[in-house]
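The values are calculated or read from the model by the stated rules, or taken from the named source; none is laboratory data. Remember, predicted model here, so these are calculated numbers, not experimental data. Here the Cβ positions follow ideal geometry from the backbone for every residue, glycine too, while neighbour counts run over all protein chains shown. Please note that ligands, DNA and RNA were not included when accessible areas were found on the heavy atoms of the full protein model with its side chains. Shrake-Rupley method; radii C 1.70, N 1.55, O 1.52, S 1.80 Å.
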Amino acid sequence: SFSKILVQLKDDLIKGDSFSAALSGYPEVFSDFFCSMAKVGEETGTLANVLEICAQQMEKDYVLKSKIKGAMVYPAVILTAMVGIGILMLATVVPQLAATFDDLKVQLPVTTRFIIGMGKFAESYWWVIIIAAAALVGFFSRLLKTTGGKKVVDDASLKFPAIAPIVRNVNSAYTLRNLSALVGAGVSLPRALVITADTVSNGNYARALLAVEARVKKGEKFSEAIKNFDNLYPPTMIQMIAVGEETGETSNILIKLAEFYENEVDEQTKNFAAVVEPLLMIIIGAAVGFFAVSMVQPMYSMMDAI
């Protein structure tokens, strides 16, 4: 598919279209950021340098996303395995124990009856569980694509203690790096803010950047405009941007800040794994303990009766 797009780009260039105009015909492949950078490179005669900046930018974005995904893989695998093993135990082991208890006419505690009920349901209606799980996944996938659903998730991610610092630093890093690349390439600040709003992952940051863009177009300084969103962007970042404006080194300051917050994300993702691991062990231990006590307790009752 990508080969066909490249061939079509070649044909568009032969017809006389500019490189940036040809790229803009494929928004699903080439982002607004990429097209805008290419246009700046054409206008300034520095297309090779601008494309190199784009390549570096894409590499940094990939590394940042990989770190975040890597931090989420371990808890996701553990929780999936725990749920899978739990369902397997309910569908295979519990019904056999339930039959034994029925034969022996043992008085069962409430927790044991609860687990046996779940086991019988899993054994008889396993297909219902599969359909329900698939339906829930589909429902939440569609919900996340809606404006209201995405806003709920975006708001929650900024309030959840373990995740909120990572979300803030990731979006700050995206904002700073993309702005530094665009401004450094010669894109006007208002246009750079609009383009960057499309690259951040959290909708609250996108809306904040668009609001900042409106203020900047009216003549307000970038540092003053973004100060209204100190609940999203760290005070240190805002202060450093103000210093960059005063010294005329805004682009360099943005790059340095982007590198700082990317390093912060790296450390936080490592700490996230260190915090989540014992928490998962506690959850798994509690689940296994509840199951073991519930199923073993009637056996001890039988031994006492004998």
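Things worth noting here:
- Within the stretch 125-138, considering residues that are open to solvent by 70 Å² or more (accessible area, probe 1.4 Å) and free of Cβ contacts under 8 Å to residues at least 24 places away in the same chain, the one nearest to Ala91 (Cα to Cα): Tyr125
- The test for being crowded, with 18+ Cβ neighbours inside 10 Å and of a type in the set (A, V, I, L, M) holds for Leu179.
- Single condition Val183 does not satisfy, out of (1) in a helix (DSSP H, G or I); (2) within 26 Å of Phe272 (Cβ to Cβ); (3) of a type in the set (A, V, I, L, M): (2)
- Selected residue (criterion: modelled with the highest pLDDT) from residues of the stretch 264-294 that are within 17 Å of the chain's Cα centre (by Cα) and among the charged types (D, E, K, R): Glu264
- Each residue in the stretch 198-248 was checked for being open to solvent by 80 Å² or more (accessible area, probe 1.4 Å) and either among the basic types (Lys, Arg) or in a loop (DSSP other than H, G, I, E, B) (or both), and 9 of them qualify.
- Qualifying residue in the stretch 103-118 (condition: in contact with a Pro (Cβ under 6 Å, 6 or more places away or on another chain), assigned to a helix (DSSP H, G or I) and either at pLDDT below 80 or open to solvent by less than 50 Å² (accessible area, probe 1.4 Å) (or both)): yes
One line per residue, one yes/no per condition, for (1) open to solvent by 50 Å² or more (accessible area, probe 1.4 Å); (2) within 24 Å of Val167 (Cα to Cα); (3) outside any helix (DSSP H, G or I):
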{"site": "Leu9", "(1), (2), (3)": "no, no, no"}
{"site": "Leu13", "(1), (2), (3)": "yes, no, no"}
{"site": "Ser20", "(1), (2), (3)": "no, no, no"}
{"site": "Pro27", "(1), (2), (3)": "yes, no, yes"}
{"site": "Gln57", "(1), (2), (3)": "no, yes, no"}
{"site": "Ala71", "(1), (2), (3)": "no, yes, no"}
{"site": "Met82", "(1), (2), (3)": "yes, no, no"}
{"site": "Leu97", "(1), (2), (3)": "no, no, no"}
{"site": "Phe101", "(1), (2), (3)": "no, no, no"}
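- Residue match in the stretch 161-170 (condition: assigned to a helix (DSSP H, G or I) and surrounded by fewer than 20 Cβ atoms within 10 Å (Cβ to Cβ)): yes
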